[in-house]
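As structure tokens, the structure follows; a few thoughts come after it.
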Amino acid sequence: MMNNIKLAEGVYYVGAVDWNLRDFHGFTTPRGVTYNAYLVVDEKICLIDNVKAPFAEEMIERISQIIDPAKIDYVITNHVEPDHSGSLPKLMERAPHAKVVLTESGRVETLKHYQQEYDFQVVKEGDVISLGRNKLHFVPFPMLHWPDSMATYLDGEQILFSNDAFGQHICTAKRFDFENDLNEIMYEASKYYANILMPFGKLVDKALSKAAQLPIKMIAPSHGVIWQKHIADIIAQYDKWGKGYTADKVVIIYESLWGGTEQMARRILDGVAAGGVDVKLMRLSACTLSGVMQEVLEARGILFGSPTQNNGMMATMGALMTYFKGLRPTNKIAASFGTFGWGGGAQQAFEEQMKGARLTIEPGLTLKWLPDQVERDKCFTFGLEFAKKVLAAK
Ligand code: FEO
């Protein structure tokens, strides 16, 4: 027997928990990843999302313990990314009469991914499918996380199946928020938001307005735990993040070759802290890109540090800047710092990247070789002045 969790009358968790995955397309996942799929057994039977391909048999076994998969009438594909649709080919062999329900963009993407003409039923905002006691309502959530994304709302049980939105990458044997440590879940929810949804803050705002019109007893995302006790908390967090909320906080992200930029970073940190602003020091080689972006999410000030290497910034910092720019954080002020030996170049490279990321750029600080006492004091003052700007930008 398998431990199929019942969410509500006729609603079951039939997904998979990938305890050992440590890299989800570049997102470092120290706590693993879940692919949540849900089975609704009413007069009609429907499966909401499925799981990554290697877990297809496990999901089918879970379904089979509840009903014969051949009886499935609808397979809802809220989002085609393969973590939620990868088992579709195997599933459809076992559920040959099922309609595949998705948005028009989902239909196009499914065809391209699986080259298979399933019995598609394209839905749009406001469309309804009756299952009997419950009806399914479809709520497009475009770009949360791909153009095809939508949420499905089960009206009888008042469950919003939100797909990627409200997700977290965390594995646990306990499927509900209240059974787990709320701080851990919220930390992972913020890391997930920063690395997956941050570029789409305005669309998050729109999605929240749609969700606000629905009575919701549970939010069942496709990753992580189901929100039941803390729905208001996670919605409040999304509201903040979607609006680009920032705190009095600075993140210093840097790399160092022979210790000069490291010394600068530590003195700058002292200055920022003396200015009354919370500050985190992150040497990139000791962190992950996804961990850095989690800290960046609510920070108002960002300081980038690198010595000059080959007339530019260190390559790892270049990778960070590319990732940072792509996630489009808003409402941030930034500056750069670092040492150089002869020609310099890292600071100009930072300027270009910060402009590209549409940050409000403050003057940086560059020093030759290792900082002496006067220069170390300069670093402190640089941090102190930056803290004042962060407070003023509130
Ligand atoms: Fe969880 Fe965009 O897939």
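Picking from residues in the stretch 54-102 that are within 16 Å of the ligand (Cβ to nearest atom) and among the hydroxyl-bearing types (Ser, Thr, Tyr), the one that is farthest from the chain's Cα centre (by Cα) is Ser87. Quick one: would you say His137 is in the same structural domain as Trp19 (by TED's automatic domain parsing) and closer than 23 Å to Ile72 by Cα? In short, yes.
All of (1) buried (at least 24 other Cβ atoms within 10 Å of the Cβ); (2) more than 11 Å from the ligand (Cβ to nearest atom) hold for Asp49 with one exception: (2).
Residues that are among the small types (Gly, Ala, Ser) and either open to solvent by less than 50 Å² (accessible area, probe 1.4 Å) or in contact with a Ser or Thr (Cβ under 9 Å, 6 or more places away or on another chain) (or both) within the stretch 162-188 comprise Ser162, Ala165, Gly167, listed in sequence order.
Considering the stretch 232-245, the residues that are open to solvent by 10 Å² or more (accessible area, probe 1.4 Å) and touching a Phe, Trp or Tyr at 6+ places or on another chain (Cβ under 9 Å) include one that is farthest from Lys206 (Cα to Cα), namely Asp233. Scanning the stretch 348-378 for residues that are part of a helix (DSSP H, G or I), over 13 Å from Gly338 (Cα atoms) and touching a strand residue (DSSP E or B) at 6+ places or on another chain (Cβ under 9 Å) gives Gln353, Met354, Lys355. If only residues of the stretch 109-149 that are of a type in the set (Gly, Ala, Ser) and assigned to a loop (DSSP other than H, G, I, E, B) are counted, the one that is surrounded by the most Cβ atoms within 10 Å (Cβ to Cβ) is Ser149.
Pairs are defined by a Cβ separation below 7 Å, a sequence spacing of at least 6 or placement on different chains, a first member in the stretch 29-46 that is at pLDDT 95 or above and open to solvent by 10 Å² or more (accessible area, probe 1.4 Å), and a second member that is within 12 Å of the ligand (Cβ to nearest atom) and not in a strand (DSSP E or B); the pairs so defined are Arg31/His169. Can you spot a residue in the stretch 271-279 that is in contact with a helix residue (DSSP H, G or I) (Cβ under 7 Å, 6 or more places away or on another chain), open to solvent by 40 Å² or more (accessible area, probe 1.4 Å) and either in the same structural domain as Lys388 (by TED's automatic domain parsing) or more than 16 Å from the ligand (Cβ to nearest atom) (or both)? Looking through the stretch 271-279, at least one residue is in contact with a helix residue (DSSP H, G or I) (Cβ under 7 Å, 6 or more places away or on another chain), open to solvent by 40 Å² or more (accessible area, probe 1.4 Å) and either in the same structural domain as Lys388 (by TED's automatic domain parsing) or more than 16 Å from the ligand (Cβ to nearest atom) (or both).
When Asn20, Asn3 are screened for being modelled with pLDDT under 95, open to solvent by 10 Å² or more (accessible area, probe 1.4 Å) and either more than 16 Å from the ligand (Cβ to nearest atom) or part of a loop (DSSP other than H, G, I, E, B) (or both), only Asn3 passes.
(1) open to solvent by 70 Å² or more (accessible area, probe 1.4 Å); (2) touching a strand residue (DSSP E or B) at 6+ places or on another chain (Cβ under 6 Å); (3) charged (D, E, K, R); (4) more than 27 Å from Ala53 (Cα to Cα): which one isn't true of Glu157, the others all being true? The number of the failed condition is (1). I need the full set of residues from the stretch 260-294 which are over 22 Å from Ala393 (Cα atoms), assigned to a helix (DSSP H, G or I) and among the β-branched types (Val, Ile, Thr), in order please. Passing the criteria: only Thr261. The sole residue among Lys355, Lys378 that is of a type outside the set (A, V, I, L, M) and exposed (fewer than 15 other Cβ atoms within 10 Å of the Cβ) is Lys355. Contact map, the stretch 330-348: first residue among the charged types (D, E, K, R), second residue open to solvent by 10 Å² or more (accessible area, probe 1.4 Å), Cβ cut-off under 6 Å, separation 6 or more or different chains; pairs are Lys332/Leu359.
One residue is enough: does the stretch 220-228 have a residue meeting the conditions assigned to a helix (DSSP H, G or I) and more than 13 Å from the ligand (Cβ to nearest atom)? Checked the stretch 220-228: no residue is assigned to a helix (DSSP H, G or I) and more than 13 Å from the ligand (Cβ to nearest atom).
The values are calculated or read from the model by the stated rules, or taken from the named source; none is laboratory data. Just so we're clear, the structure is a prediction, and the values are computed from it rather than from any experiment. Methodologically, a virtual Cβ is constructed for each residue, glycine included, from the backbone with ideal geometry; neighbour enumeration extends over all protein chains shown. Accessible surface is based on the protein model in full, side chains and every heavy atom, while ligands, DNA and RNA are left aside. Shrake-Rupley method; radii C 1.70, N 1.55, O 1.52, S 1.80 Å.
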